[in-house]
Amino acid sequence: MACFSNLGLTLLLLVVVLGSSSAKLSTNFYSKSCPNLLSTVKSTVTSAINKEPRMGASLLRLFFHDCFVNGCDGSLLLDNTSSFTGEKNANPNRNSARGFDVVDNIKSAVENVCSGVVSCADILAIAARDSVEILGGLTWNVKLGRRDARTASQSAANNGIPPPTSNLNQLISRFNALGLSARDLVALSGSHTIGQARCTSFRARIYNESNIDSSFAQTRQRSCPRATGSGANNLAPLDIQTPTSFDNNYFKNLVNNRGLLHSDQQLFNGGSTDSIVRGYSNNPSSFNSDFASAMIKMGDISPLTGSQGEIRKNCRRVN
């Protein structure tokens, strides 16, 4: 009897420990603690996008770049401190990650309606969803309950975010390592239907690659000189057709060899993902549905929950 009791106690303790360390995200996490959260975030995101439509892509990209580095924990938002060098100046983010001031505005608005309750990591997740919807994409129910990291890592950002020079195998491998399938990879890459890229990230493609539409390459060459160091920060839309509308034209561009980045065109280049790209190019509802599912999946990457991390008062620094 004593042996059974000890076993029962051990199992009970195990359940308690596991329960506390693997708290689940949920779509109604703040329904009681911050009932006006979603409307507060959306109004601030709407205002920012109305001022500058490109901001929607920038906010969406922040969520990607946060989740791909040690999980969706708001670490990307942290400024450097004496104890760590943050992610903002890592190669994938330097001179390109933007929208931090908008996140500050959202956090300030949220703090006004429920102070000390909502994490910066969750704000990124909601703002990404709202940006897609505002620019014409599908909406979805965002799972919430993440907490904020107390540290960040420039080296992890340098290694964790696939560069635009990646080939298909490298892309599939990196996404697989995070629990994302090849279909998730293609769907999430469809976020490049909005936003812009710097000349330095596509120069080699428009001058050196053969799997590119010649007229498209010539158009891009006009604002992106061949010489390294010249016009490096000049911008071009990732989707030449509808750069501020969330639609499936990105995939139509790939089918016509008009992917701006090397990594974009790798998705349609005689490889295993060609059929997925062609399917999305013909069926926008299929793309929208898969994109929403993949965003929910990406939002599940290694979140801090329960008693892990903290709820930052200021998204740029630990409490």
Here are some pairs, 42/107; 143/252; 51/143; 32/143; 107/143; which of them have Cα atoms lying more than 22 Å apart in this structure? 143/252; 51/143
Return the aspartates and glutamates within reach of residue 24: Cα separation strictly under 12 angstrom, same-chain partners fewer than 8 residues apart disregarded; answer none if there are no such residues. 300
About its Cα centre, what dipole magnitude does the chain give when the only charges are +1 on Lys and Arg Cβ and -1 on Asp and Glu Cβ, stated in debye to the nearest 20? 400
I'd like the carbon and sulfur percentage of the solvent accessible area for the chain, probe radius 1.4 Å, heavy atoms only, ligands and nucleic acids excluded. 50
Solvent accessible area, Å² - residue 171, 1.4 Å probe, full protein context: 10
List every residue whose amide H lies under 5 Å from the amide H of residue 196, counting only residues 5 or more places away in sequence or on a different chain, with H placed 1.01 Å from N in the peptide plane. 238
Give me the 1.4 Å probe accessible area per residue for the chain, excluding ligands and nucleic acids, in Å². 45
Quick one: Cα centre-to-centre distance for region 107-121 and region 193-246, in angstrom? 38
Spin-label pair residue 289/residue 91, simplified geometry with 7 Å Cα→Cβ offset, distance in nm: 3.9
Applying the gyration tensor rule to the Cα atoms of region 60-105 (axes a ≥ b ≥ c; rounded if a/c under 1.5, else prolate if a/b exceeds b/c, else oblate), the class is rounded
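The values are calculated or read from the model by the stated rules, or taken from the named source; none is laboratory data. Not measured: the values here are computed from a predicted model. In this analysis, Cβ positions are derived from the backbone assuming ideal geometry, glycine residues included, and neighbour counts consider all displayed protein chains. Please note that ligands, DNA and RNA were not included when accessible areas were found on the heavy atoms of the full protein model with its side chains. Shrake-Rupley method; radii C 1.70, N 1.55, O 1.52, S 1.80 Å.
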